[in-house]
Amino acid sequence: MTDKKKPLVVVTRKLPDVIETRMMELFDTRLNPDDVPLTPAQMQDAMNVAEVLVPTVTDRIDRALIEAAGPQLRLIASFGTGVDHIDLKAARERGIVVTNTPGVLTEDTADMTMALLLATARRVAEGERLVRSGQWTGWGPTTMLGHRISGKRLGILGMGRIGSALAKRARAFGMSIHYHNRRRVHPELEQELEATYWSSLDQMLARMDIVSINCPHTPATYHLLSERRLKLLRPHCYIVNTSRGEVIDEVALTRMLSKGEIAGAGLDVFEHEPAVNPKLLRLDNVVLLPHMGSATIEGRIDMGEKVVINIKTFTDGHAPPDRVLEALL
Ligand code: 8YV
């Protein structure tokens, strides 16, 4: 029985060792041990030889790259849930299947969203900086006062897997749950989350104490939180974003934060990351994280296993479990 030729798989970043080892066993795999992101020219070269490309959020797989890719490229098995770094329409037109890794990072990302929400409302990073600065002169009755979150209204923009997982956590912290979504969720889930649905995003924004962005970045959600919508928020409101920076007009957000028109923000993602608006870096009322929402070793291994399963099922001639369909985004 002749050995079936292993598919040539190009991995663009360093993945967890256990995943790389498995991929080496199953596929003709090209790894990136130094974890230096590929240049566009190197990416083009990779797409001229790979049957399967495994990119991450840091790789912009645009129409030009896809149209110039070799005829052998059949699958883009992305490491991550968000696929806004891939031109899905161009891939579909080329008959290239795209998969992602949904579900396995839901709990970790919801945990980080809750951590960021608490850190922002309770000024955790500011307090930590004060102690590290050596300037702390001891406890004071009115020093480092933040805001209580129990009893407050949390508005979740995007009640998908991560939004729902966040709602469960926020409920446990005594928050009341509100949400806006393209479609109302199933009544049983709404009941379980004790969540109030707002068909009007504007009306929800104008009444919340904290707003969390948990929708994907798509052409429809680009700058969904525009300057006009940000101005609907009440001055004591906090914003948390563990989704994508492009969902918020970052320049408008930064301006309003610096003028105290919005109380504070917890940001894990940025509109032009890794570039961060320099004015944001100077603000005390923001908590800034380096896109680590799903950064747990368990979560990244689970994501890698999903990539392996997507590639194996696809190259064995079956429909991969996590195929991305634009219409569903
Ligand atoms: C990933 C994320 O780590 O899954 C996503 O969409 O933003 C992160 O959890 C990143 O995308 C890896 O490509």
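Can you name every residue in the range 58-71 that is assigned to a loop (DSSP other than H, G, I, E, B) and within 15 Å of Q44 (Cβ to Cβ)?
D59, R60, D62, A69, G70, P71, listed by residue number.
Quick one: count up the residues across the range 161-200 that are under 21 Å from the mean Cα position of the chain (by Cα) and open to solvent by 80 Å² or more (accessible area, probe 1.4 Å).
4
Scan the range 97-106 for residues that are within 12 Å of the ligand (Cβ to nearest atom) and crowded, with 18+ Cβ neighbours inside 10 Å and jot them down.
Within the range 97-106, N100, T101, P102, V104, L105, T106 meet the criteria.
Given the conditions (1) within 11 Å of the ligand (Cβ to nearest atom); (2) in contact with a Phe, Trp or Tyr (Cβ under 8 Å, 6 or more places away or on another chain), and given that R74 satisfies all but one, which numbered condition is not satisfied?
All conditions pass for R74, except number (1).
Check off (1) touching a helix residue (DSSP H, G or I) at 6+ places or on another chain (Cβ under 9 Å); (2) closer than 19 Å to D111 by Cα; (3) crowded, with 22+ Cβ neighbours inside 10 Å for R244 and give me the number that stays unchecked.
Result: R244 fails condition (1) only.
Suppose the filter is within 23 Å of the chain's Cα centre (by Cα), crowded, with 20+ Cβ neighbours inside 10 Å and away from the ligand (no atom under 11 Å from the Cβ); does L53 pass it?
When the stated conditions are applied, L53 passes them.
Scan the range 121-141 and report the pairs whose first residue is surrounded by 14 or more Cβ atoms within 10 Å (Cβ to Cβ) and whose second residue is among the hydroxyl-bearing types (S, T, Y), with Cβ atoms within less than 6 Å and a gap of 6+ or a chain change.
Going by the 6 Å Cβ cut-off, the qualifying pairs are A121/Y238.
List pairs: first residue in the range 308-327 and within 19 Å of E20 (Cβ to Cβ), second residue assigned to a loop (DSSP other than H, G, I, E, B) and open to solvent by 80 Å² or more (accessible area, probe 1.4 Å) anywhere in the structure, Cβ distance under 7 angstrom, at least six positions apart or on different chains.
Matching pairs, first to second residue: I309/P321; N310/P321.
Quick check: anything in the range 36-44 open to solvent by less than 20 Å² (accessible area, probe 1.4 Å), in a loop (DSSP other than H, G, I, E, B) and more than 16 Å from the ligand (Cβ to nearest atom)?
no
Filter the range 272-301 down to residues that are under 30 Å from M24 (Cβ atoms) and open to solvent by less than 60 Å² (accessible area, probe 1.4 Å) and give me whichever is nearest to the ligand (Cβ to nearest atom).
Ranking the qualifying residues of the range 272-301, first place goes to S294.
Could you check, for the range 264-271, whether at least one of its residues is part of a helix (DSSP H, G or I) and either within 11 Å of the ligand (Cβ to nearest atom) or not acidic (D, E) (or both)?
no
Only residues that are open to solvent by less than 60 Å² (accessible area, probe 1.4 Å) and over 25 Å from the mean Cα position of the chain (by Cα): list them for the range 302-318, please.
Hits for the range 302-318 are T313, F314, T315.
When you go through I156, I86, I76, I66 one by one, which is the residue that is open to solvent by less than 70 Å² (accessible area, probe 1.4 Å) and assigned by the TED database to the domain that holds E246?
Only one candidate qualifies: I156.
The values are calculated or read from the model by the stated rules, or taken from the named source; none is laboratory data. Bear in mind that the values here come from a model prediction, so they are computed numbers and not experimental data. Note that we place each Cβ from the backbone using ideal geometry, even for glycine, and neighbour counts take in every protein chain shown. Just so you know, the surface numbers come from the protein's heavy atoms only, side chains and all, with ligands and any DNA or RNA stripped out. Shrake-Rupley method; radii C 1.70, N 1.55, O 1.52, S 1.80 Å.
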